[in-house]
Each structure stands twice: as structure tokens, then as C-alpha cells.
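The values are calculated or read from the model by the stated rules, or taken from the named source; none is laboratory data. Here the structure is a predicted model, which is why all the values come from computation and not from measurement. Positions of Cβ are generated from backbone atoms using ideal geometry, with glycine treated the same way; all protein chains shown enter the neighbour counts.
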Amino acid sequence: MVETQFRFRDDEPVGDPAVTVDAFGEQTNAAAVRLETGEDARVLLPFLDRIRLVEVEFPGFMDGRGYSAARILREAGYDGELRAIGSVFVDQLGHLRRCGFDSFAPNTPLDPVDAENAFNRWPDVYQATGDGRQPIWAKRHG
Amino acid sequence: MYKYDSYDQAMVDTRVEEFRDQTRRRIEGTLAEENFRPLRLQNGLYLQLHAYMLRVAVPYGTLSSAQMRMLGDIADKYDRGYGHFTTRQNIQYNWIKLDEAPDILADLAKVEMHAIQTSGNCIRNISSDQYAGAAKDELIDPRPYAELLRQWSSFHPEFLHLPRKFKIAVIASKTDRAAMRLHDIGIEIVKNDAGEIGCAFYVGGGMGRTPMIAPLINPFVPLDQLITYSEACLRVYNRYGRRDNKYKARIKILVHEMGKDEYTRQVEEEFAHLLTQGIEPPIAELERIIPYFADPAFDAAASDDLDLSDPDFAVWVKNNTVAHKAKGYVIAVVSLKPVGGIPGDASADQIRLMADLAKDYSFDELRVTHAQNIVFPHVRKSDLYTLWQKLDAADLSTANLDGIGDIIACPGLDYCSLANARSIPVAQKISERFAGKQEELGELKLKISGCINACGHHHAGHIGILGVDRKGVENYQLLLGGSEGADTSLGTITGPGFSEDGIVDAVEKATNVYLANKEGEERFLDTYRRIGMAPFKEAIYG
């Protein structure tokens, strides 16, 4: 299992390994699930009250489906851990965070200074994405 | 014109820093080219055949003279003294050094410009009607809505790694001058029966190897739901657009394969959900943007009189000016298509001259058209002759707007690493061959692409030319009957392709068929639509 390199939560991490979506349906006590590339986040919505960790797999830099998956989960009220795993790179971190990811387990560990810069790059944002940041239009008309 | 506030400026400045940091990591080697590539593309930086190319965004095609002047200075400072205006109303420079790219972005930021998302699989520069705010036939100025969409689409975290590039156009007149239905999303601002303003959404158009005309998916989205509806359209695409084959990854394929009705159903479902999420800027934000696009201070006493005694001027007025909504004013178009020239190219001196002329004669404003020309949107008729004389002295008075010499051409194999054939030499030869027949042939839109990706819009040309590679030799196919206007249609291939010289002869044969069959005031396209392909085929291959 790849180590979580960045985590923005205070609660105790889930100890059990995440199971696949198929296995999750059968194991009613599982609290951690892994969405593999292309799997529909909506299948998890009926089970959000018992999930404490969702891992979303990124197969490569260019595949952006995981960003929508994260927002769908957050918009449905999921407040457990949401972890980006796989091909996760420095220049995605800020955007992943904005879509609701709060932990990151890249295949290849990232330079901590570069990552710190990436997380804190944007002083303001143009869109409301449910991450709690006030968009520029809200500040303009505060 | 829109002016940045401190927020907009900070966003662009931050992007410059980010890109400087990415470039540093690339040069140091900690950022692999494989991962740098999508990042540099989202900053408009391509690696072409001979050098890097930088594409600079001109949102909805509108420029101030200060911005235009900077574009000229950049051409001198970082390129070889010229720039190339593109079919996305942008400008690109073909001879850029990687380590200087961040400095160019910093210079651009000084005049509220950038290269954000001018390439890559993300939402690209929002295009619009080049005559917005000046045209007689528009409902309202579409640019405030384009600016609202520009801000929403800039660095939208969910949509930076879409299946493929994504192009949006916004218009507000029935005469479509922006090829709106050939976009991933085409938005037409409309008025409903109750007199309210809203947006008609056309989704799933595009050119490329599978050209499609976008179907209407929602005839009226209220203005205070514009962003939410756009986000719903994008989310369905991001989730379900094909990622297994880049040639089938555009939204047009999704809409086609899923079916317009099913795509619309999913968008509406997503839209209903997103309406509960509070992602729409308040209408006050639109109201903040709109006054930036208010009319300049037109002189109500300006005269409509125009002295046309100079015959060269008279031809230019006839071909290169368009009616303006204000009395005593006119829209003047500078053709960047001199006989034998490279379509869309302008020298640094020409760019700066146009900047100065816009300041003196067009309320400080210019436009770039998707036909790769430059517009002075608000010229007082009493200034028009002086303006023309100054343009004429700088080789900028070619009177061929929308004629056979006003060719749209992609950069082709002279620059582009995707091209199969050269476009520019074909454009130059056609331009030379028909230089004397401009008036006789009237409106005839000729468009050339050097590969199937269709950057030169060949599908939408009255005459289209597509360069292909045939067993290692450049070969050119001829298409007839395309159009990009309100009567959008896709051209049909005539038959087997031609050599570089053969295609020029074939175009001449096609125009001869037109001249022999033309009735009354028919344009080439009208005659083609009336008599069909057969007589053309016979003349070309018979």
C-alpha cells in the first residue's frame, strides 16, 4: 500500500485497506472503499453514512474524471476522508483540494516544498466548488 | 472594454509565477516533459516543428490599443518581428524560446492579458461576434456574458483535464458571425416571449475529422443560471466523454453516441442538482461587468456623408466596411490577406500602427476576427478616408473581405507538427491566381486545413481545401458548399485529390462553373446549392 503523503484532517485515519466497489457491496462492515478509474461515484451515495474513507484512483495526469467524482461525493454530503491515489502530481494538488480531496497518496512521493507551494498557490478563486473558499464574485459583492 | 480589478490582476500574476516555477522545474529536470506538456499547453505553449509556439488569448476577440501595442512589442522582443492572428481570435508567435516564455507572460500581464487555457484539454478562450457592440443587428452586446464565462472557466478545478479541448462561443444576433454551432457549446443570447433575456444552448458541434453541427439542447436558460447550466453540460462530458480514443473524445461524439435526448436528460438532471449547490454568481456580478461594455461616446451629430471619389477607397469601402448601429459611424475591417501573403500574419510595425490608429479613430478598441482579420469597430465616417490612407501606406488596405483572397488557412506543415500538408503555399498561390477576379467572384469564403483536424475550417468554406498525406506526397482534397453562418452547412468532397498546383486549377474550374451558371446576384454558395455538385464535378474531372 502506498503511503499517504499529505493529509488535511484531524481524525484518526481508517486502518483497514480500502475494498473495491464490488466487494464493498457485499461487506456491510467495510468503511473504506476504492473507486477505480471510470467507476461511478454515485453508486456510493446510498452508503455514505457508513463510509469513512473513499480512495479515488488517478490513472494518469490527463484523466480528470476523479475531479468530478470528488465533487459529486462532497455535494452529496460526504464528509469522511477523500484520498487521491495513483498518478498524482504536484501541479494537480491545489485543484484536487478544491474539488474536495483532503488526503493524497501519490505513487511517487512529491517534493514537499513544491507541494506546499502548489497547495497555497492561489490567493483567490473564481468558482464556488463547495470547498469552503469564498469565490471572487462573492467577495466583490460581499 | 472590460478592465481587471485587483482580483483579476492577482489571478493573472499568480499564473505567471506558477508557470515560471513549472518552467524552472522542467529546465532543472524535476518535472518530466510528459507531465510538463499538459501544463505548458494550458499556458498556450506548443512544441512545433522548429521551435516553441506561444498562443496568447484575446478574450472574445477584443483588444485595447495598449494591448495591441504590446502584441507588436512582443513580436519584436521575443519573436522574429511578426505575429499570426488565429481562427480562435487569438494571436500566436512561432519562434519562442522556452526560458523566455515566462517573461512574455509577465509582459502580457502588464496589459491585462495572458495565455491561460489557449491550448490543452480544457475550456479554451471564449470567442464571440467580432462586431459585438457595433453591429446593427444584435439583440445586446454578448461580451459581458463571455466575460462571465471567461472568469468561471479560468482555472476551473474540475475541468482542467477534460477528455479533449472545449470551445465555447457566445453570440447575440441572428446573423452568426462566430460559427457558433460549430463549437462544443454555442450560446445564443435570445429574448423569450415574455421579453426576458436568456441563453439558447447548442451543444456538441465541432469541426475536426468528424464535423458536426450542434443541436439545440435548451432554448432558454435564464441569465441567472448561465454558469450552473454550463457546469452541468461540462460535468456530464467530463464523466462520460470518451477517453479511449482521442479522435472520438470531443463532446460532439458523446452527444452523437449518447443521443441528443439522453445527453440533454442527463444535463437537466445534473443542472437540477447543481442549482442546489450555490455555484452561480449573483446577477449583481453580471451587472458589474455590463457597464464596461457600454457604448463609447458617439457623436449624435456625426454625418453619414462619405466622399467616394477616390476609386480605390470606394472599392475598399464597398468590400471592407460593415454598417454600424450608430449614425455617422462604420465598422472597418483590415484584411490581413494581401495578395500572395500569409493569411493572418502581421509585422510588429503593422500591429503597432493598427494600435495607434485604433486610438485615434476607433475609441481605443480593436477586434480580431475568426477569419484572421482586424476590425476597427467604431470609425466615424468623416475619419474613414484618412484611416484608409494610413492603412494603405502600411500595406493594410487589401479590399478583399469575404472574397476569394480572404483565405482562412491553418499554419500547416510549415510550422505544425500535426499537419500532413502545407497550407500557406496553397493559400499564396490561390491568392495570386485570383487577385484580379475578386470583384467578379464576389463573396466566396475559401478555407484551407493542412490536416484532418480542420484548424483552417475547411468543412465550413464555400470552397474548402484539405491537405492530406498520400503515400508520402502532399495531396489536396476539394470540398464545396460549406458555410459557417446562420445557414451552417458542411462541405462535400468533390472526388479524388490534387497536387499543389492541381488544386489551384481545380478551384479555378469550380469558379468558372459558378460564373457560367450564376443567376442575378447569387453568390458562389447560392449557385452551388441551386445546381448541385454534378456540374462542378464534370468541369473538374471531366
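Some points to look at:
- Considering each residue of the stretch B:54-62 in turn, at least one proves to be surrounded by 16 or more Cβ atoms within 10 Å (Cβ to Cβ), more than 9 Å from chain A (Cβ to nearest Cβ), part of a helix (DSSP H, G or I) and in contact with a strand residue (DSSP E or B) (Cβ under 7 Å, 6 or more places away or on another chain).
- Search result, residues across the stretch B:245-278 that are at the interface with chain A (Cβ under 10 Å from one of its Cβ atoms) and either surrounded by fewer than 18 Cβ atoms within 10 Å (Cβ to Cβ) or at pLDDT below 95 (or both): B:246, B:273, B:276, B:277, B:278
- Reported count of residues in the stretch B:423-433, each being in contact with a helix residue (DSSP H, G or I) (Cβ under 7 Å, 6 or more places away or on another chain) and either touching a residue at least 60 places away in the same chain (Cβ under 8 Å) or aliphatic (A, V, I, L, M) (or both), is 6.
- When residue A:137 is tested against (1) without any contact (Cβ under 8 Å) to a residue 60 or more places away in the chain; (2) under 22 Å from residue A:11 (Cβ atoms); (3) crowded, with 22+ Cβ neighbours inside 10 Å, just one condition goes unmet, and that condition is (2).
Conditions (1) in contact (Cβ under 8 Å) with a residue 24 or more places away in the chain; (2) of a type in the set (A, V, I, L, M, F, W, C); (3) touching a Ser or Thr at 6+ places or on another chain (Cβ under 9 Å), marked per residue:
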residue	(1), (2), (3)
B:226	yes, yes, no
B:231	yes, no, no
B:238	yes, no, yes
B:259	no, no, no
B:266	yes, no, no
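- Within the stretch B:307-345, being among the small types (Gly, Ala, Ser) and out of contact with any Ser or Thr (no Cβ under 9 Å at 6 or more places or on another chain) holds for B:309, B:314, B:323, B:326.
- Residue ID - farthest from the other protein chains (Cβ to nearest Cβ), chosen from residues in the stretch A:103-142 that are of a type in the set (Val, Ile, Thr) and not in a loop (DSSP other than H, G, I, E, B): A:113
- All positions within the stretch B:452-467 that are crowded, with 23+ Cβ neighbours inside 10 Å and farther than 17 Å from residue B:502 by Cβ: B:454, B:455, B:456, B:457, B:459, B:460, B:461, B:462
- Only residues that are in a loop (DSSP other than H, G, I, E, B) and within 11 Å of another protein chain (Cβ to nearest Cβ) were counted in the stretch A:90-102, giving 3.
- Of the strands (runs of 3 or more DSSP E) lying entirely inside the stretch B:76-179, those containing at least 2 residues that are of a type in the set (S, T, N, Q) and within 22 Å of residue B:374 (Cβ to Cβ) span B:91-96.
- Residue in the stretch A:68-89 that is out of contact with any strand residue (DSSP E or B) (no Cβ under 6 Å at 6 or more places or on another chain), at the interface with another protein chain (Cβ under 8 Å from one of its Cβ atoms) and farther than 30 Å from residue A:29 by Cα present: yes
- Being free of Cβ contacts under 8 Å to residues at least 60 places away in the same chain and surrounded by fewer than 21 Cβ atoms within 10 Å (Cβ to Cβ) holds for only one residue in B:287, B:188, and it is B:287.
- Checking residue B:298 against (1) more than 30 Å from residue B:427 (Cβ to Cβ); (2) part of a loop (DSSP other than H, G, I, E, B); (3) out of contact with any His (no Cβ under 8 Å at 6 or more places or on another chain), the condition it does not meet: (3)
- Lone unmet requirement of (1) at pLDDT below 95; (2) surrounded by fewer than 21 Cβ atoms within 10 Å (Cβ to Cβ) for residue A:89: (2)
- Any hit, the stretch B:420-437, residues being over 22 Å from residue B:501 (Cβ atoms) and either assigned by TED's automatic domain parsing to the domain that holds residue B:536 or of a type in the set (A, V, I, L, M, F, W, C) (or both): no
- Among residues of the stretch B:498-518, those that are under 17 Å from residue B:481 (Cβ atoms) and in a loop (DSSP other than H, G, I, E, B), counted: 1
- Residues of the stretch A:45-78 satisfying the condition of being among the charged types (D, E, K, R) and out of contact with any helix residue (DSSP H, G or I) (no Cβ under 9 Å at 6 or more places or on another chain): A:49, A:50, A:52, A:55, A:63, A:74
Residues checked against (1) more than 29 Å from residue B:173 (Cα to Cα); (2) crowded, with 24+ Cβ neighbours inside 10 Å; (3) touching a residue at least 12 places away in the same chain (Cβ under 8 Å):
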site	(1), (2), (3)
B:335	no, yes, yes
B:353	yes, no, yes
B:366	no, yes, yes
B:376	no, yes, yes
B:387	no, no, yes
B:407	no, yes, yes
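- Residue within the stretch B:123-137 that is farther than 28 Å from residue B:402 by Cβ and not small (Gly, Ala, Ser) present: yes
- In summary, residue A:56 fulfils each of the numbered conditions (1) of a type outside the set (Lys, Arg); (2) more than 29 Å from residue B:37 (Cα to Cα); (3) buried (at least 16 other Cβ atoms within 10 Å of the Cβ) with the single exception of condition (2).
- Residue in the stretch B:281-289 that is at pLDDT 95 or above, within 14 Å of chain A (Cβ to nearest Cβ) and within 25 Å of the chain's Cα centre (by Cα) present: yes
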